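Following: one structure in structure tokens, then a few remarks.
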Amino acid sequence: MWQYFLKRILNTIIVLFGAVTLTFFFMHFTEGDPATIIALDKYGGQLISPEVIDRLASEEGLNRSIFVQYTGWLKLICTGDFGHSLRSGIPVLDEIRLCFPYTFALALISVFITAIVATPLGIYSAAYQNRFLDRITRFIASFQVSIPNFYLAIIFIFIFSVKLKLLPSFGCDNPTHFILPVMVLAVLQTGFTIRIVRSTAIEILESEYVQFAFARGLSMNRILFVHVLKNIFIPVLTFLSLQFLMAIEGSIIIETIFAWPGIGKLFQEAVFGRDFTMIQALVLFFAAIVCAINLLVDMLYIFINRSISFIE
Amino acid sequence: MKKLLSVKKLKVVYDSSAGKVHALRGISFNVKKGEIFGIAGESGAGKTTICRLLMGFMEKNAGISGQVDFNGDDLLKLNYKDLYRLYGRKIGFLPQSIASLNPLLTIGTHITETLKKNLKIKKKKILKKKAIYILDALEFSDSRQVYNSFPYQLSGGMNQRALLAIAFCCFPDLVIADEPFTGLDPDVQNRLLETVRILKDKKNISMVIVTHDLKVIEKICDKTAIIYNGSFVETGETKDVIKTPLHPYTQSLIKAMPENGMIPTWGFAPGALYDDAGCSFQPRCPTGSKEKKKHIINSPASVGNNHYVWCLNVKNQESVKDLL
């Protein structure tokens, strides 16, 4: 098993190398000269002479050949130095370190709430198919799935911040600031997760071991929350890990609406500002997170179901 | 001996797009305390329907008529709550496949949860002690290890024995077994059948065994019914039915056994959609197929010693007053 995980770690390194290489070359083949952008950032709207741009380009090493820049960048990241932001001048890693906890907390809390709300609702919905609870749950789930996140965020701000004046609409000074963005993310994730849990639970409820459990006179709750729950862990865990990744990488809109100083907002600013070093570092960071979560989920599979082995 | 289970004129009909599906066409049988009743027949004859019905697993669209009396309660009239009070404690179930074991629970958990629910034992220590006692009774060499094992860690035969332990752990009055011990090698199968026999004798447990394997019937059942296309064609003491079969279908089943040369019967059963009056085996019957007139069987022929045959070619030797 350890051999398998060692192999996975080696694969992860190859994936990360691929991500770094592709991002580097794609960035350099897109339009927009980074030296000009840095100059515009530094000197504002003043007329900038070509000499200034040349000087900035040579200072940042942007006038060297693309392969020299690429090998230089590779050497740097191998030593853990991701360079500094072309716009702010702050080391990239420091900026990520500053923003990531906010996004991570948002994603973790919303996925946790999703798991504890959607799992029992999905299971009960499957156990009492086409009854009142199932119909209501399915209706709410369809509603949650079909509503766009930005629209939901605006509605929530309008209700809870503007009208009721209960919750703050932007910033992250105290825990109450978490409530609205977490609610938006959790509402959307819950809709999808209920559907996944329900369909998986229906399949499990038809299995022979559940029938045998009924035949042994076990209570409905024991069957649902021991026999069924244990067996839906793996598909639901896989789905929740994807939701977690989506919450981390796809939170640009939510973070923009709620002025949340997370990684999504950082990424958006880097893209609009052509901050090459920041974009490259963030892509590598996202790729590393995806690989790490996948590896963690695989390890959890073994913990949940010991019959799973990855020996090839 | 006192009657424990009495099934009378049991019919099961489904509505399907192709027409009415007759899964059972009015079967009747009795099981006495401490008796093993076997039901044998080919695939699609209605064996599993009997099991499902006795265990309350029937689909909602099934039209069921008749009477299933268990210790004075009509199982067809009980509500779900009362039914589940019987299952596990009074009526046990021995399933066919080891897929009936939850892959994520240990054998110990399977046994203790059943004991906890049905015998109302709460103390974990007592539950574990009882579970290990049951595993010991089933001749596991290392019961403690089996107690902590997941189904995937045990062989097919061991899992079957674990199923036996789970089905018998509360010592119910009646155990319904759906094709038990199918697909096991003869040695393991014989040992398991012997274990069932010992358990049954010790605790006076009754059983209904449904199988297509006449060997299982021969080795363990006191009484046997042969089912064909939803109807019984022959019932009686196992030794009479197997040693002196009188119905041509029973004879063909015995001829199809490996030690008798595996001679197949010509043709196929007409299926559950068959709705004509008369004997549904007639088209395949070596004698009846030549006759143009339909064989309408109103009552079985009694040939003595509670041996009944549903065939016009079998001469009635006793007057059939009351079949059951």
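Under the condition of being more than 25 Å from B:ASP178 (Cβ to Cβ) and at the interface with another protein chain (Cβ under 7 Å from one of its Cβ atoms), the residues counted in the stretch A:199-246 number 0. Summed over the stretch B:133-142, the residues that are in contact (Cβ under 8 Å) with a residue 12 or more places away in the chain and either surrounded by fewer than 18 Cβ atoms within 10 Å (Cβ to Cβ) or under 18 Å from A:TYR209 (Cβ atoms) (or both) give a count of 2.
Criterion first (in a helix (DSSP H, G or I), facing chain A (nearest Cβ under 10 Å) and open to solvent by 60 Å² or more (accessible area, probe 1.4 Å)) does B:ARG191 satisfy it? It is false that B:ARG191 is in a helix (DSSP H, G or I), facing chain A (nearest Cβ under 10 Å) and open to solvent by 60 Å² or more (accessible area, probe 1.4 Å).
For the stretch B:78-96, a residue qualifies if it is at the interface with another protein chain (Cβ under 9 Å from one of its Cβ atoms), of a type in the set (Phe, Trp, Tyr) and out of contact with any helix residue (DSSP H, G or I) (no Cβ under 6 Å at 6 or more places or on another chain), and exactly one does: B:TYR84. The set of residues in the stretch B:233-278 being open to solvent by less than 60 Å² (accessible area, probe 1.4 Å), assigned to a helix (DSSP H, G or I) and not aromatic (Phe, Trp, Tyr) consists of B:THR238, B:ASP240, B:VAL241, B:ILE242, B:PRO248, B:THR250, B:SER252, B:LEU253, B:ILE254.
Within the stretch B:222-231, the set of residues being open to solvent by 10 Å² or more (accessible area, probe 1.4 Å) and at pLDDT 90 or above comprises B:ASP222, B:LYS223. Only one of the numbered conditions (1) more than 15 Å from the chain's Cα centre (by Cα); (2) over 16 Å from B:PHE93 (Cα atoms); (3) surrounded by 18 or more Cβ atoms within 10 Å (Cβ to Cβ); (4) not polar (S, T, N, Q) is not met by B:PRO172, and that is (2). Taken as a whole, the stretch B:62-70 holds at least one residue that is over 24 Å from A:ASN231 (Cα atoms) and open to solvent by 60 Å² or more (accessible area, probe 1.4 Å). Taking the stretch B:114-132 as the range and being open to solvent by 10 Å² or more (accessible area, probe 1.4 Å) and closer than 22 Å to A:LEU205 by Cβ as the test, the residues that pass are B:LYS116, B:LYS117, B:ASN118. Inspect all residues belonging to the stretch B:17-36 and state whether any of them is under 26 Å from B:THR112 (Cα atoms) and not aliphatic (A, V, I, L, M). Yes, because at least one residue in the stretch B:17-36 is under 26 Å from B:THR112 (Cα atoms) and not aliphatic (A, V, I, L, M).
Among the residues of the stretch A:121-160, just one is open to solvent by less than 30 Å² (accessible area, probe 1.4 Å) and outside any helix (DSSP H, G or I), namely A:ILE147.
Within the span defined as the stretch A:281-300, one or more residues are within 14 Å of another protein chain (Cβ to nearest Cβ), more than 16 Å from the chain's Cα centre (by Cα) and assigned to a helix (DSSP H, G or I).
Listed by first and then second residue, the pairs with beta-carbon distance under 6 Å, at least 6 apart or on different chains, first residue in the stretch B:214-238 and under 20 Å from B:LYS8 (Cα atoms), second of a type in the set (Phe, Trp, Tyr) and in a loop (DSSP other than H, G, I, E, B), are B:TYR228/B:PHE281; B:VAL233/B:TRP310. One residue stands out in the stretch A:79-112 among those that are in the same structural domain as A:GLU59 (by TED's automatic domain parsing) and among the polar types (S, T, N, Q): the one that is most open to solvent (accessible area, probe 1.4 Å), namely A:THR79.
Within the stretch B:170-181, residues that are more than 17 Å from B:LEU4 (Cα to Cα) have Cβ atoms under 9 Å from residues that are among the aromatic types (Phe, Trp, Tyr) and at pLDDT 90 or above in these pairs: B:ASP178/B:PHE93, counting only partners at least 6 apart in sequence or on another chain.
Taking the criterion of being within 12 Å of chain A (Cβ to nearest Cβ), open to solvent by less than 40 Å² (accessible area, probe 1.4 Å) and not small (Gly, Ala, Ser), the residues of the stretch B:143-158 that qualify are B:PHE150, B:PRO151, B:LEU154. Based on this model, can you work out whether B:TYR84 counts as open to solvent by 50 Å² or more (accessible area, probe 1.4 Å) and of a type in the set (Ser, Thr, Tyr)? Taking the combined requirement at face value, the residue satisfies it. All of (1) within 14 Å of chain A (Cβ to nearest Cβ); (2) of a type outside the set (S, T, N, Q); (3) on the phi > 0 side of the Ramachandran plot hold for B:GLY66 with one exception: (1). Within the stretch B:196-220, the set of residues being open to solvent by 10 Å² or more (accessible area, probe 1.4 Å) and either under 17 Å from B:PHE93 (Cβ atoms) or not in a helix (DSSP H, G or I) (or both) comprises B:LEU199, B:LYS200, B:LYS203, B:ASN204, B:HIS212, B:ASP213.
The values are calculated or read from the model by the stated rules, or taken from the named source; none is laboratory data. Model, not experiment: these values are computed from the prediction. Glycine gets a Cβ as well: all are built from the backbone with ideal geometry, and neighbour counts include every protein chain shown. For the accessible areas, the whole protein counts, side chains as well, though only heavy atoms, and no ligand, DNA or RNA atoms are used. Shrake-Rupley method; radii C 1.70, N 1.55, O 1.52, S 1.80 Å.
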